[in-house]
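A.B. asks: Quick one: structure below, then a few questions.
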Amino acid sequence: MPRLSDKQYQRQSMLAMAAYVAVMLGVWPLVRTVTGLPLKMLLALVPVLPMLYMIGLMARRIRDSDELEQRTHLIALGAATGLVGALSMIGGFLASAQVWRMDGTILIWVFPALMFCYGITRWWVARRYGVSLSCDDESRMPLYQRFLLMAIMLGVPALWFRRSLDDSSLGTLCGIAAGFAVLGLVLGIARWRRRHPHGEELP
């Protein structure tokens with residue numbers, strides 16, 4: 001299987017996010033109107049397909065990267081998994097003790113939380129190892145702009161179609177969009193500080 005270039009990875013990940021948004025806006029609302037169990041299960045699981053494709057893209061990208069990049073991915077994934085796992089366990093014990101009431105929709109947040117923690121941790125680890133994530137040689141768009149674009153791709157349609165979405169769907173889309181926006185802002189600020197290390201004024 002040929003190695004993915006940065007442009008190919010960027011284009012395919014954007015298409016996967018666009019497919020996720022389209023499914024959440026066009027297919028997911030139908031779950032509430034369907035009565036048959038098999039069809040309801042099928043419609044409920046359709047949003048998972050673009051996310052599985054994203055996971056496959058990430059795995060392929062990590063597999064094809066060099067040893068230093070793989071190390072940053074491994075540390076970031078390990079830290080993110082540990083943090084999200086610990087928070088899930090805390091939430092589970094609080095729910096079991098009936099201290100905090102929650103339903104199954106909170107499970108939708110596990111993957112976005114994992115990806116958010118992974119992004120932040122990898123950025124920090126990459127800085128420690130001297131690996132730049134802010135801009136790739138093969139790409140015209142810096143990484144922070146990609147995150148901000150994905151935030152817009154998720155957030156704007158979610159707010160536009162908010163009346164046709166239930167609370168959990170709207171919250172999920174807006175939450176993921178907010179996570180991408182925060183990552184984009186963090187990376188954008190870090191990129192600006194690298195270019196202006198002593199607080200120099202922009203020309």
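The values are calculated or read from the model by the stated rules, or taken from the named source; none is laboratory data. None of the values given here were measured: they were computed from a predicted structure. Cβ: placed from backbone, ideal geometry, glycine included. Neighbour counts: every protein chain shown. SASA here: full protein model, heavy atoms, side chains in, ligands and nucleic acids out. Shrake-Rupley method; radii C 1.70, N 1.55, O 1.52, S 1.80 Å.
A.B. asks: Keeping to the range 1-41, report how many residues are surrounded by 15 or more Cβ atoms within 10 Å (Cβ to Cβ) and over 20 Å from the mean Cα position of the chain (by Cα).
C.D. replies: Residues that pass the stated criteria total 3.
A.B. asks: Suppose we keep only residues that are open to solvent by 40 Å² or more (accessible area, probe 1.4 Å) and not aliphatic (A, V, I, L, M) within the range 145-165. Which one would you say is modelled with the lowest pLDDT? I'd like the intermediate steps shown before the answer.
C.D. replies: Filtering the range 145-165 for residues open to solvent by 40 Å² or more (accessible area, probe 1.4 Å) gives 145, 148-149, 152-153, 156, 159-164.
Adding the requirement that they be not aliphatic (A, V, I, L, M) leaves 145, 160-164.
Details: Gln145: 81, Trp160: 78, Phe161: 76, Arg162: 77, Arg163: 78, Ser164: 72.
Going through the qualifying residues, I end up with Ser164.
A.B. asks: When you go through Ala86, Ala97 one by one, which is the residue that is out of contact with any Gly (no Cβ under 7 Å at 6 or more places or on another chain), exposed (fewer than 14 other Cβ atoms within 10 Å of the Cβ) and more than 29 Å from Arg122 (Cβ to Cβ)? Explain how you work it out, then say what you get.
C.D. replies: Values: Ala86 fails: more than 29 Å from Arg122 (Cβ to Cβ).
Selected residue: Ala97, the only one of Ala86, Ala97 that is out of contact with any Gly (no Cβ under 7 Å at 6 or more places or on another chain), exposed (fewer than 14 other Cβ atoms within 10 Å of the Cβ) and more than 29 Å from Arg122 (Cβ to Cβ).
A.B. asks: Any residue in the range 43-67 that's under 30 Å from Thr33 (Cβ atoms): show its pairings with residues that are part of a helix (DSSP H, G or I) and open to solvent by 60 Å² or more (accessible area, probe 1.4 Å) at Cβ separation under 6 Å, as long as the two are six or more apart or on different chains.
C.D. replies: Between residues of the range 43-67 that are under 30 Å from Thr33 (Cβ atoms) and residues that are part of a helix (DSSP H, G or I) and open to solvent by 60 Å² or more (accessible area, probe 1.4 Å), the close pairs are Leu43/Leu30.
A.B. asks: So which of Thr81, Thr72 ends up being more than 16 Å from the chain's Cα centre (by Cα), under 21 Å from Gly179 (Cα atoms) and assigned to a helix (DSSP H, G or I)? Give the steps one after another, and end with the answer.
C.D. replies: Details: Thr81 fails: more than 16 Å from the chain's Cα centre (by Cα).
Result: Thr72 is the single residue among Thr81, Thr72 that is more than 16 Å from the chain's Cα centre (by Cα), under 21 Å from Gly179 (Cα atoms) and assigned to a helix (DSSP H, G or I).
A.B. asks: Scan the range 176-203 for residues that are open to solvent by 90 Å² or more (accessible area, probe 1.4 Å) and either at pLDDT 75 or above or closer than 19 Å to Gly130 by Cα (or both) and jot them down. Walk me through it before giving the result.
C.D. replies: So the first thing to find is which residues in the range 176-203 are open to solvent by 90 Å² or more (accessible area, probe 1.4 Å), and the list is 185, 189, 192-195, 198, 200-203.
Leu185, Ile189, Trp192, Arg193, Arg194, Arg195 - these are the residues of the range 176-203 that are open to solvent by 90 Å² or more (accessible area, probe 1.4 Å) and either at pLDDT 75 or above or closer than 19 Å to Gly130 by Cα (or both).
A.B. asks: Next question. Looking for whichever is under 16 Å from Trp123 (Cβ atoms) and within 12 Å of the chain's Cα centre (by Cα) here; the options are Val182, Val186. Which one fits?
C.D. replies: Answer to the check: Val182.
A.B. asks: If you scan the range 44-69, which residues turn out to be open to solvent by less than 30 Å² (accessible area, probe 1.4 Å) and part of a loop (DSSP other than H, G, I, E, B)?
C.D. replies: The answer is Pro47, Ser65.
A.B. asks: Restricting to the range 156-173, name every residue that is in contact with a helix residue (DSSP H, G or I) (Cβ under 6 Å, 6 or more places away or on another chain) and over 12 Å from Ile108 (Cβ atoms). Please lay out each step first, then the result.
C.D. replies: At the first step, the residues of the range 156-173 found to be in contact with a helix residue (DSSP H, G or I) (Cβ under 6 Å, 6 or more places away or on another chain) are 157-158, 161-162, 164, 168-170, 172-173.
Passing the criteria: Pro157, Ala158, Phe161, Arg162, Ser164.
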